[in-house]
Amino acid sequence: MKYIYKIFSVFSVLFLFSACEKDEDTTVVSELTTSSLKADKTIVVLSELVSETAAVNFTWQKPTFNVAIVPTQQIEFAKKGNNFLNSTIIGYGSNVSTSAVTHAQLNMIMSDLGATADVVSQIEARLVTVLGQKKVYSSPVTISVTPYTPNPDNAYPKINVPGAFGATSGYTGWAPANTANLYSPEKDNKYRGFIYVSSVAGDDGKYKFTINQDWPGNKGDDGTLTGKLALDGSDIKATVAGTRYIKVDWVANTYSSVLANFGVIGDATPAGWGSDTDLVYNSATRTYVINSIALTAGGVFKFRANDDWAMKIQPAAADQTLASGTGVQTFFSTEGTVTGDPAYKVSVSGNYKIELDLHNSANYKLTVTKL
């Protein structure tokens, strides 16, 4: 059972005790009137275009008890017919009797329940009234929901990396609302990702970290240059131009930054396993590109950083054959998302354009297109 969203809660449960001549007995709590839950829709098609508007409105009647109690309340969601196993919960305080669940919230619930995007799934929802260890349930209501595949740029927490490099990397220099971002794929206040720093001359390589696309709460180096952050700290500066792989622990106030310039290598490429063909950053598309390279169907290829094998871009597990023009999610070996040492293939030999999109660490994307 997973809590995905919490408005507020009151955890106190008050029990009344009746005194006897020799000792005190705890009053037995019994339900006087039952609870009920209603939804204003039974069919919902979710859309990211209206993600923050209400998808379904719930209203409920709380149960009453024979003693004065301040309970907590929840709406519990599960796949229909699953007897509320592997459920997801939204929590509420005791004085709430209505709730508007947005498209984004309900889509997250559907994802947690294992629903498939663009496919109708039936779910059940019920009111849960919590009194200490005791729970009282309403009858469930059934809703048919069609979820969507969320844009990864909106689905994961992120921090911003404003800096002097911005203008030459496809962003705006020192503008938190238009920067490269570091994402938190695990949604745990730990952020990572790639930014491209075109030059380190003068102030060109300087940057800081901001949150919510604004300067309040920004963090920079604490002045020791030892990977520690401080609120309103000093500018951080890249020492070498190129792509930086940056990790930030927002709570622990630490960061790291290493060079990661990628090239393609493999026996499917003209240079074989002997040397890399470097990718070039395109500031207009914010991607890494090789405009034309010959790839042979009989071989494989993968991507590595700095002409070394310490950092690789690869499929998740098995070798993967790519379809021309179709983007696929790809993975970074040092993030623990790759099993073994898989590589990529093409089914038809010829010249290809390679485009590697590394702007979102929750969704690295590779596209090869036959020319």
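The values are calculated or read from the model by the stated rules, or taken from the named source; none is laboratory data. In this text the structure is predicted, and so the values were computed from the model without any measurement. Here Cβ is always computed from backbone atoms with ideal geometry, including for glycine, and neighbour counts include all displayed protein chains. Quick note on the areas: whole protein, heavy atoms, side chains included, nothing else; ligands and nucleic acids left out. Shrake-Rupley method; radii C 1.70, N 1.55, O 1.52, S 1.80 Å.
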GNM, the chain, Cα, under 10 Å: largest mean-square fluctuation among Val145, Val338, Val251? Val251
With the dipole of the chain defined by +1 on each Lys or Arg Cβ and -1 on each Asp or Glu Cβ, the option from Ser30, Thr369, Gly340 whose Cα lies farthest towards the positive pole is Thr369
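Does segment 262-370 classify as rounded, prolate or oblate by the C-alpha gyration tensor (a ≥ b ≥ c root eigenvalues; a/c under 1.5 gives rounded; else a/b over b/c gives prolate, otherwise oblate)?
Working: a/c = 1.28, a/b = 1.10, b/c = 1.15.
Judged from the Cα gyration tensor, segment 262-370 comes out rounded (a/c under 1.5).
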Run lengths n ≥ 4 of DSSP H only: what is the helix-derived mean residue ellipticity at 222 nm for the chain, with -39500 (n - 2.57) per run over all residues, to the nearest 500? -1000 deg cm²/dmol
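Compute, for segment 33-146, the length of the dipole vector about the Cα centre, with Cβ point charges of +1 (Lys, Arg) and -1 (Asp, Glu) only. Units Debye, rounded to 20.
Values: 8 positive and 7 negative charges, 102 e Å.
That gives a dipole near 480 debye.
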For Thr339, other-chain or 5+-apart residues with amide H closer than 5 Å (H placed, Pro excluded) are Ala317
Between the modelled labels at Lys353 and Lys134 (7 Å from Cα along Cα→Cβ) the distance in nm is 6.8 nm
Selection of chymotrypsin sites (Phe, Trp or Tyr not before Pro), segment 191-294, meeting DSSP coil and at most 16 other Cβ within 10 Å: Trp273
Amide H neighbours of Lys41 under 5 Å, counting only residues 5+ apart in sequence or on other chains, H built in-plane at 1.01 Å? Asn57
Could you please state how large a percent of the accessible area of the chain is carbon and sulfur, counting protein chains only and using a 1.4 Å probe? 51 percent
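Give me the 1.4 Å probe accessible area per residue for segment 232-362, excluding ligands and nucleic acids, in Å². Intermediate results must be reported in sequence, preceding the final value.
Details: 5600 Å² over 131 residues.
Here the per-residue accessible area is 43 Å².
How long is the gain from Ala316 to Asp153 if the chain were fully straight, where each residue apart is worth 0.36 nm and the alpha carbon distance is subtracted?
On the way: separation 163, 0.36 × 163 = 58.68 nm, distance 2.05 nm.
Gain in length upon complete extension: 56.6 nm.
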Please list, in order along segment 326-343, the HN-Hα scalar couplings obtained from phi with the Karplus expression 6.51 cos²θ - 1.76 cosθ + 1.60 (θ = phi - 60°), rounded to whole Hz, x for Gly and Pro. 9, x, 10, 5, 10, 9, 9, 4, 6, 8, x, 9, 10, 10, x, 9, x, 9
Top positive-direction residue, dipole computed over segment 234-316 with Cβ charges, set Ala316, Thr277, Phe262: Ala316
About its Cα centre, how strong a charge dipole does the chain have in debye, to the nearest 20, once Lys and Arg get +1 and Asp and Glu get -1 at the Cβ? 460 debye
Can you count the Lys pairs in segment 153-259 whose Cα atoms are under 20 Å apart, with each pair 8 or more apart or on different chains? 27
Tell me the Kirkwood hydrodynamic radius of the chain in angstroms, computed as one over the mean inverse distance between distinct C-alpha pairs. 24.2 Å
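Among the GluC sites (Glu not before Pro) in segment 43-114, which ones are in a DSSP loop with at most 15 other Cβ atoms within 10 Å of the Cβ? Mind listing them? Mind dumping the intermediate values first?
Details: sites: Glu48, Glu52, Glu76; in loops: Glu52.
When the GluC sites (Glu not before Pro) of segment 43-114 are filtered for loop state and at most 15 Cβ neighbours within 10 Å, Glu52 remain.
Nothing charged except the Cβ atoms of Lys and Arg (+1) and of Asp and Glu (-1): what's the magnitude of the dipole of segment 262-370 about its Cα centre? Round to the nearest 20 debye.
On the way: 8 positive and 10 negative charges, 65 e Å.
The calculation lands at about 320 debye.
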For the chain, longest principal axis from Cα atoms; helix 103-112 axis from its Cα atoms; angle between them, nearest 10 degrees, is 90 degrees
Applying the Karplus parametrisation 6.51 cos²θ - 1.76 cosθ + 1.60 with θ = phi - 60° to the phi angles of segment 271-287, what ³J(HN,Hα) value in whole Hz is obtained for each residue in order, glycine and proline being reported as x? 8, x, 8, x, 7, 8, 9, 6, 7, 10, 6, 10, 5, 6, 9, 6, 10
³J(HN,Hα), Karplus 6.51/-1.76/1.60, whole Hz, each residue of segment 236-245, x for Gly, Pro: 9, 10, 5, 8, 9, 5, x, 7, 10, 9
Shape of segment 153-259, Cα gyration tensor, a/c cut at 1.5: rounded
